[in-house]
Amino acid sequence: MLSLPRFFPPFVAFIAVAICLPLKKTTAFASVPEFKKVAQTITVRIEGTAKGSGVIVERRGQTYTVLTNAHVLQPTGNYGIVAPDGKCYSIKSDTIRQLPELDLAIFLFSSTIPYAIAQLGNSTKLSPGQTVYVGGWANSGGKLHSRVFFTSQGQLTEINSQLPAGYSLSYTNLVRVGMSGGPILDQQGRLVGINGLIRLNSADEIVGSGIKIDQFQRWHSQVIKTIPNPSASAIACPRRYTN
């Protein structure tokens, strides 16, 4: 029998300005398809040297901030994103910032299109057994290597795991390659974490792990002011970005 490592490669305060389009407050999701519709409007597909997902968390003027995992964006890589409407944008390397001691990074892109913004939740009030939803652009695994937006429902099993790089959430949701950097939403559609890792827990069960959104909020105001505003970054979608 294969012996699985304890950690796997990933399968995987925000100020709203007047022109932001935050998601409407919702009641609890009635189904996974309902969650998928909400999650897909705030999630971008990251393509390039590595593949992953990211969440739109802020808009200032024509500049959007996207939150993802630091391991998705290698310093020497070449990256672009596919936005929720299918339009493509380049990621300028000078707009990428890793958050200190966390497997989180932010980057900026510029657009005149009014994309939806994630509504941030309070991850300090999460509790074991709580229902959460995870989404992201998973690799299909087929010969064409296409990406599909995949979502799953599960429950939190740990909320203070104290793993390296800020990973404190564990959950039963199924996650797949390409979903690193995707959203973890509560039943009201609020962003409470970023998915990024699968691992074996103490019972040798495979679980997903993520980083609480309050970790991002703690560093956001300090990091964002160090990033120059990007120039227009819309591009023609390269063939390799298309599904």
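Among the residues of region 174-186, write down those that are at pLDDT 95 or above and not charged (D, E, K, R).
Within region 174-186, M179, S180, G181, G182, P183, I184, L185 meet the criteria.
Yes/no per residue for (1) farther than 24 Å from E58 by Cα; (2) outside the structural domain of D103 (by TED's automatic domain parsing); (3) small (G, A, S):
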position	(1), (2), (3)
V148	yes, yes, no
T151	no, yes, no
Q188	no, yes, no
S202	yes, yes, yes
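Here's a check for you: in region 70-89, which residue that is of a type in the set (G, A, S) and assigned to a loop (DSSP other than H, G, I, E, B) is nearest to D214 (Cα to Cα)?
Result: A83.
Does Q155 count as at pLDDT 95 or above and either more than 15 Å from I198 (Cβ to Cβ) or not in a loop (DSSP other than H, G, I, E, B) (or both)?
Spelling it out, Q155 is indeed at pLDDT 95 or above and either more than 15 Å from I198 (Cβ to Cβ) or not in a loop (DSSP other than H, G, I, E, B) (or both).
Could we say that G135 is closer than 23 Å to H220 by Cβ and at pLDDT 95 or above here?
yes
Considering only region 90-132, state which residues are over 18 Å from R45 (Cβ atoms), part of a strand (DSSP E or B) and either of a type in the set (V, I, T) or touching a Phe, Trp or Tyr at 6+ places or on another chain (Cβ under 6 Å) (or both).
L120, T131, V132
Can you confirm whether region 110-120 contains a residue that is more than 25 Å from R190 (Cβ to Cβ) and not assigned by TED's automatic domain parsing to the domain that holds V175?
yes
With respect to A165, determine if the residue is surrounded by fewer than 21 Cβ atoms within 10 Å (Cβ to Cβ), closer than 24 Å to A39 by Cβ and outside the structural domain of C88 (by TED's automatic domain parsing).
Answer is yes for this residue.
Kindly indicate whether any position in region 89-100 is surrounded by fewer than 21 Cβ atoms within 10 Å (Cβ to Cβ), at pLDDT 95 or above and more than 21 Å from F216 (Cβ to Cβ).
For region 89-100, residues surrounded by fewer than 21 Cβ atoms within 10 Å (Cβ to Cβ), at pLDDT 95 or above and more than 21 Å from F216 (Cβ to Cβ): absent.
Would you confirm whether any residue within region 219-229 is in a loop (DSSP other than H, G, I, E, B), of a type in the set (D, E, K, R) and loosely packed, with under 12 Cβ neighbours inside 10 Å?
There is at least one residue in region 219-229 that is in a loop (DSSP other than H, G, I, E, B), of a type in the set (D, E, K, R) and loosely packed, with under 12 Cβ neighbours inside 10 Å.
The values are calculated or read from the model by the stated rules, or taken from the named source; none is laboratory data. Every value quoted in this text rests on a predicted model; they were computed, and no experiment measured them. All Cβ positions, even for glycine, are placed from backbone atoms using ideal geometry, and neighbour counts span all protein chains on display.
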